[in-house]
Amino acid sequence: MAGRRTGQADDSERPVLVWFRDDLRLADHPALHAAASAGTVAALYVLDPAQGGGAQMWWLHHSLDAFARDLARHGVRLILRRGRAGDIVPEVAKSVGAASVQAIVSPLPWLREADRGVGARLEVPLQLHVGGSLVDLSQVRAGSGRPYTVYSPFARAILKSGPPPAPLPVPVLRAAEVGAVASDQLDDWGLLPKRPDWAGGLRGMWTPGERGAAARLEAFLEDGLEGYDRARDMAGDENGTSHLSPHLRWGEISPRQVWHALGDRQGSDAQRFRAELLWRDFAANLLMQRPELPERALRAEFERLPWRRDAGALADWQRGRSGIPIVDAGMRQLWHTGWMHNRVRMIVASWLTKHLLIDWRGGAAWFLDTLVDGDLASNSANWQWVAGCGTEAQPFFRIFNPLTQARKFDADGAYVREWVPELAKLPDRWLHQPWAAPEAVLGAAGVRLGEDYPRPAIGLDEGRNRALAAFGRHVKGHARAAAA
């Protein structure tokens, strides 16, 4: 069998093992291309227990199912194993008689650690390829040779170097014979919810897999790109964003494919969309340089900020019962669909970290548990940006006013009315601030504050002033201590 050659066999006759991670696609896959060029192909996916929350595992199940079917059309069987990659990858490589193991570089700390462990234990080369980013992030450096920690110069450096490499086509695959190699059954991994089955909204909105990603991209280019620069902030605009984020998160489509699909479009809409791809690379670059990004404030003065410990307020925020309609709409959309509009993500994060003074890490963890696009790098960088503690964070005194944000980005109230239906009959004037509505207006709309819909835990001005005082005292105190 091709997978059981002796050690004396020429490498061109031996299989090459492709270790798939967050790159579940056939097109523009440099590791798969390298394997196909070198010999017959064996395919492996290892489930790491640290991979993600429930919504991500729902997506992963369906993405793996679609990917296994796509590989099978080329005669390649996807080997599924669960456990420590450091043990499993060398074992499978030996079982198939692999001449090498090919994989795509990942910014995730546990995968980078796994790469080191696998490389140390393998008896054949482990070759890593750039495929999850627009460019080789290890080569994006400032004039000093240091990595960038600020987005704008990082983006300029990439743009200055010219377009990213063109995406690769699906290679011609020759399958290795791996029938004797043990593989788990996907259903046995238990990635799907059962009791209760909370995934109905996810099933209604998403089609995981490479084909679903291609369809999303095509639909966005046809119906969403024009006007994107303005519409991307409008919470109720269904076509205002691409909805590609989970497909990019799981590597069902590459950023290079998306970039080049824009062609030579140069208007503000295309430029703004490219900027989102560049920000994604910036976050990945930041995580690679600072693997503590998900767990520690990158600005040291924020690490000891006296956050409030309020489990009740955190739970109300998570359930969409904060008393702030635009916040609750976002949190309910998240729970129902596994996704939230990007503008609303900033609003809900600001409310939690500024008005409620709850640690950003609690919010980031909830997002990772409930988002289908829970990208560790982008999620962590975005939360640190809002909280004011990242390398390029907004100033601590910039606090989103959720009422102003709602009036600007949900002016007709369509978004709040969809996700907070108990307020749907309120007039536009009061929809975003039911706490200020006259009793007669509330009664006519069938709203009983404190019963049908909660009152806010804190007033907008009171919360803002409390945050300014708390952040200001801490930051100034840290500055004095550093100068002493």
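The values are calculated or read from the model by the stated rules, or taken from the named source; none is laboratory data. Worth saying up front: this structure is predicted, and the values here are computed from it rather than measured. Cβ: placed from backbone, ideal geometry, glycine included. Neighbour counts: every protein chain shown.
What are the residues in segment 210-257 that are modelled with pLDDT under 95 and basic (Lys, Arg), if any? Matches in segment 210-257: Arg230, Arg232. Anything in segment 185-233 that is assigned by TED's automatic domain parsing to the domain that holds Arg265, over 20 Å from the mean Cα position of the chain (by Cα) and part of a loop (DSSP other than H, G, I, E, B)? List them, or say none. Listed by number, the residues that qualify are Gly224, Leu225, Glu226, Gly227. Of the helices (runs of 4 or more DSSP H) lying entirely inside segment 235-333, those containing at least 3 residues that are aliphatic (A, V, I, L, M) and touching a Pro at 6+ places or on another chain (Cβ under 7 Å) span 268-289. Annotation: Val178 fulfils all but one of (1) part of a loop (DSSP other than H, G, I, E, B); (2) free of Cβ contacts under 8 Å to residues at least 60 places away in the same chain; (3) not aromatic (Phe, Trp, Tyr); (4) not assigned by TED's automatic domain parsing to the domain that holds Ile253; the unmet one is (2). The set of residues in segment 389-421 being touching a Ser or Thr at 6+ places or on another chain (Cβ under 8 Å) and within 21 Å of Trp317 (Cα to Cα) consists of Ile399, Phe400, Pro402. When you scan segment 435-453, do you find a residue that is buried (at least 22 other Cβ atoms within 10 Å of the Cβ), under 25 Å from Gly338 (Cα atoms), under 32 Å from the mean Cα position of the chain (by Cα) and modelled with pLDDT of 95 or more, even just one? There is no residue in segment 435-453 that is buried (at least 22 other Cβ atoms within 10 Å of the Cβ), under 25 Å from Gly338 (Cα atoms), under 32 Å from the mean Cα position of the chain (by Cα) and modelled with pLDDT of 95 or more.
Considering only residues that are under 18 Å from Trp198 (Cβ atoms), in a helix (DSSP H, G or I) and in contact (Cβ under 8 Å) with a residue 60 or more places away in the chain, look in segment 343-374 and name the one that is nearest to the chain's Cα centre (by Cα). Selected residue: Leu368. Applying the set (1) in contact (Cβ under 8 Å) with a residue 12 or more places away in the chain; (2) out of contact with any strand residue (DSSP E or B) (no Cβ under 9 Å at 6 or more places or on another chain); (3) farther than 23 Å from Leu371 by Cβ to Arg319 leaves exactly one unmet item: (3). In segment 294-319, the residue that is farthest from Arg361 (Cα to Cα) out of those that are at pLDDT below 95 and aliphatic (A, V, I, L, M) is Ala300.
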